[in-house]
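First comes the structure, then the notes that go with it.
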Amino acid sequence: FNFGVDFLYNQKGFTNDIIFTDEFGNPTGEKTTTVFNYDYLSFPIKGGFLIGENLSGFANIGIVPSVLINAETIEPKIDGIFDVKTTNITDRVTKFDFGGLIEIGGQYAFKDRFLVFTSFTYQQSFTKITNKVYFSNSKIKHYGMAVSVGLKYALKKE
């Protein structure tokens, strides 16, 4: 069995497309996209099992508390109306996000304290980023997937 805590800079967000239509409601083929970016410091706390010695596989489940450090919207340029506009919305978005994760992967140990690993993680928020002043009639929650490849070094030899 294993247990671990990570420290991550985690970027989340979504896009919203606006599709232009003619006077009859038919799409014109033109659209604009507004980007919503949310930057967090995340502290995944996870545990699970590891099977194998030098070459091994693992599966983990855990929780992910996250603290918002920056949030912004980027609105596109619309000819004749306005240029690209970036707005800081950090003061409006809910400051704390709490979610869960599931992770699977494999690793190979070499040279005493080194190992290379790869993993696939799915993460889902339990809390919403919306509140009374930010998308008050919505219940937006983060979710996402990540593929990781990396190198680990053990500070202490087993």
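The values are calculated or read from the model by the stated rules, or taken from the named source; none is laboratory data. Owing to the predicted nature of the structure, the values given are computational and were not obtained by experimental measurement. Neighbour counts run over all protein chains shown; Cβ positions are idealised from the backbone, glycine included. When the accessible area is computed, the model is the full protein with side chains, heavy atoms only, and any ligands, DNA or RNA have been set aside. Shrake-Rupley method; radii C 1.70, N 1.55, O 1.52, S 1.80 Å.
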* Can you find, among Pro27, Ile81, Phe14, the residue farthest towards the positive end of the dipole of region 1-131? Put +1 on the C-beta of Lys and Arg, -1 on that of Asp and Glu. => Phe14
* Asked: Taking the alpha-carbon set of region 15-63, what are its Rg and Dmax in Å?
  -> 23.2, 67
* Amide H contacts under 5 Å for Thr127, placed H, 5+ residues apart -> Phe98
* With a sphere of radius 9 Å drawn around the Cβ of Pro44, what net charge do the other residues whose Cβ falls strictly inside it have (Lys, Arg +1; Asp, Glu -1)? -> -1
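Note the direction-averaged projected area, equal to a quarter of the hull surface, for the Cα convex hull of the chain, in nm².
It is 13.1 nm².
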* Structure fact -> A correct Karplus calculation of ³J(HN,Hα) over region 82-90, with 6.51 cos²θ - 1.76 cosθ + 1.60, θ = phi - 60°, whole Hz and x for Gly and Pro, returns 7, 7, 4, 10, 10, 10, 7, 10, 4
* **Net dipole in debye of the chain [+1 Lys, Arg Cβ; -1 Asp, Glu Cβ; about Cα centre; nearest 20]** => 740 debye
* Structure fact -> For region 37-96, the Cα-Cα pair-distance distribution in 5 Å bins from 0, as whole percents, is 4, 14, 14, 11, 11, 10, 9, 8, 7, 5, 3, 2, 1
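With all protein chains present, how much of the accessible area of region 1-122 (probe radius 1.4 Å) comes from carbon and sulfur, to the nearest whole percent?
Values: 4720 of 7720 Å².
About 61 percent, which is the carbon plus sulfur part of the accessible surface.
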* Normalised convex hull volume, region 74-129, alpha-carbon set, Å³ per residue -> 197 Å³
* Asked: What translational D, rounded to a whole number of µm²/s, comes out for region 117-158 from Stokes-Einstein when the hydrodynamic radius is the Kirkwood one over Cα pairs, at 10 °C and 1.306 mPa s?
  -> 117 µm²/s
* Structure fact -> In the neighbourhood of Thr86 defined by beta carbon distances under 10 Å, the net charge of the other residues (Lys, Arg +1; Asp, Glu -1) is -1
* To do: DSSP loop (so not H, G, I, E, B), at most 14 other Cβ within 10 Å: list which trypsin sites (Lys or Arg not before Pro) in region 1-92 pass both filters.
  => Lys77
